[in-house]
(Lines give C-alpha, C1' and ligand atoms only; values in the text may rest on other atoms or scores of the structure.)
Protein backbone atom coordinates (compact mmCIF):
# COMPACT_ATOMS: atom_id res chain seq x y z
CA UNK A 1 0.00 0.00 0.00
CA UNK A 2 1.17 3.52 -0.82
CA UNK A 3 -0.18 6.93 0.16
CA UNK A 4 1.21 10.43 -0.21
CA UNK A 5 0.49 13.81 1.34
CA UNK A 6 1.56 17.42 1.02
CA UNK A 7 2.76 19.26 4.10
CA UNK A 8 0.97 22.37 5.40
CA UNK A 9 4.31 24.17 5.52
CA UNK A 10 7.70 23.09 4.14
CA UNK A 11 9.70 21.34 6.86
CA UNK A 12 13.40 22.19 7.19
CA UNK A 13 15.26 18.89 7.37
CA UNK A 14 18.89 20.06 7.26
CA UNK A 15 20.91 23.23 6.58
CA UNK A 16 19.65 23.61 3.00
CA UNK A 17 16.69 21.29 2.29
CA UNK A 18 12.97 21.50 2.97
CA UNK A 19 10.45 18.65 2.71
CA UNK A 20 7.28 19.53 0.78
CA UNK A 21 5.55 16.18 0.46
CA UNK A 22 5.83 12.65 1.82
CA UNK A 23 4.87 9.15 0.74
CA UNK A 24 4.45 6.01 2.78
CA UNK A 25 4.90 2.47 1.55
CA UNK A 26 3.79 -0.39 3.77
CA UNK A 27 5.06 -3.94 3.36
CA UNK A 28 5.32 -6.99 5.63
CA UNK A 29 8.43 -5.58 7.35
CA UNK A 30 6.98 -2.19 8.29
CA UNK A 31 6.49 1.23 6.72
CA UNK A 32 8.93 3.29 4.67
CA UNK A 33 8.40 7.04 4.64
CA UNK A 34 9.81 8.92 1.66
CA UNK A 35 10.49 12.68 1.86
CA UNK A 36 10.54 14.95 -1.20
CA UNK A 37 12.47 18.23 -1.29
CA UNK A 38 10.38 19.76 -4.08
CA UNK A 39 6.62 19.91 -4.57
CA UNK A 40 7.19 18.48 -8.08
CA UNK A 41 9.76 15.80 -7.15
CA UNK A 42 9.25 12.41 -8.76
CA UNK A 43 11.75 10.49 -6.58
CA UNK A 44 12.49 11.05 -2.90
CA UNK A 45 15.43 12.86 -1.37
CA UNK A 46 15.34 11.08 2.00
CA UNK A 47 13.64 8.09 3.58
CA UNK A 48 13.08 6.56 6.98
CA UNK A 49 11.55 3.39 8.40
CA UNK A 50 8.74 2.92 10.91
CA UNK A 51 7.47 -0.22 12.59
CA UNK A 52 3.81 0.57 11.93
CA UNK A 53 1.35 2.86 10.15
CA UNK A 54 0.24 4.15 13.53
CA UNK A 55 3.79 5.37 14.18
CA UNK A 56 3.82 7.25 10.84
CA UNK A 57 0.41 8.77 11.44
CA UNK A 58 1.33 9.82 14.98
CA UNK A 59 4.44 11.64 13.76
CA UNK A 60 3.11 13.17 10.53
CA UNK A 61 -0.70 13.63 10.57
CA UNK A 62 -0.54 17.07 12.19
CA UNK A 63 1.91 18.26 9.51
CA UNK A 64 -0.07 17.29 6.40
CA UNK A 65 -2.44 19.66 4.67
CA UNK A 66 -6.24 19.48 4.35
CA UNK A 67 -6.11 17.02 1.42
CA UNK A 68 -4.92 14.36 3.86
CA UNK A 69 -3.42 11.07 2.74
CA UNK A 70 -3.98 10.33 -0.96
CA UNK A 71 -3.94 6.71 -2.15
CA UNK A 72 -1.55 5.85 -4.97
CA UNK A 73 -1.15 2.52 -6.75
CA UNK A 74 1.77 0.29 -5.84
CA UNK A 75 4.65 0.47 -8.32
CA UNK A 76 4.98 -1.88 -11.27
CA UNK A 77 7.30 -4.90 -10.78
CA UNK A 78 10.98 -3.92 -10.39
CA UNK A 79 10.09 -0.20 -10.14
CA UNK A 80 11.11 2.24 -7.42
CA UNK A 81 8.68 2.35 -4.47
CA UNK A 82 9.33 6.06 -3.92
CA UNK A 83 8.66 7.14 -7.52
CA UNK A 84 5.40 8.76 -8.59
CA UNK A 85 5.86 7.43 -12.14
CA UNK A 86 7.16 4.02 -13.33
CA UNK A 87 10.94 4.24 -12.86
CA UNK A 88 13.32 1.33 -12.46
CA UNK A 89 17.06 0.73 -12.36
CA UNK A 90 18.20 -0.36 -15.82
CA UNK A 91 18.70 -4.12 -15.97
CA UNK A 92 16.94 -4.79 -12.66
CA UNK A 93 14.22 -6.77 -14.46
CA UNK A 94 16.94 -9.06 -15.86
CA UNK A 95 18.81 -9.51 -12.59
CA UNK A 96 21.69 -7.34 -13.83
CA UNK A 97 21.05 -3.92 -12.30
CA UNK A 98 23.07 -0.94 -13.52
CA UNK A 99 22.93 1.09 -10.30
CA UNK A 100 22.55 4.82 -10.85
CA UNK A 101 21.05 4.34 -14.32
CA UNK A 102 17.27 4.56 -14.63
CA UNK A 103 14.54 4.03 -17.16
CA UNK A 104 10.88 4.99 -17.23
CA UNK A 105 7.83 3.65 -19.03
CA UNK A 106 6.57 5.98 -21.78
CA UNK A 107 3.83 4.90 -24.17
CA UNK A 108 4.47 1.24 -23.31
CA UNK A 109 8.24 1.39 -23.90
CA UNK A 110 11.11 1.67 -21.41
CA UNK A 111 13.27 4.72 -22.16
CA UNK A 112 16.22 6.32 -20.37
CA UNK A 113 15.33 8.50 -17.39
CA UNK A 114 17.71 11.23 -16.26
CA UNK A 115 17.59 11.97 -12.54
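The values are calculated or read from the model by the stated rules, or taken from the named source; none is laboratory data. All figures in this text were calculated on a predicted structure; none of them were measured in a lab. No Cβ is skipped: glycine too gets one built from the backbone with ideal geometry, and neighbour counts run over all protein chains shown.
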* To do: Determine, yes or no, whether residue 50 is at pLDDT 95 or above and touching a helix residue (DSSP H, G or I) at 6+ places or on another chain (Cβ under 6 Å).
  => yes
* For residue 66, indicate whether it is exposed (fewer than 15 other Cβ atoms within 10 Å of the Cβ), in a helix (DSSP H, G or I), more than 14 Å from the chain's Cα centre (by Cα) and outside the structural domain of residue 106 (by TED's automatic domain parsing). => no
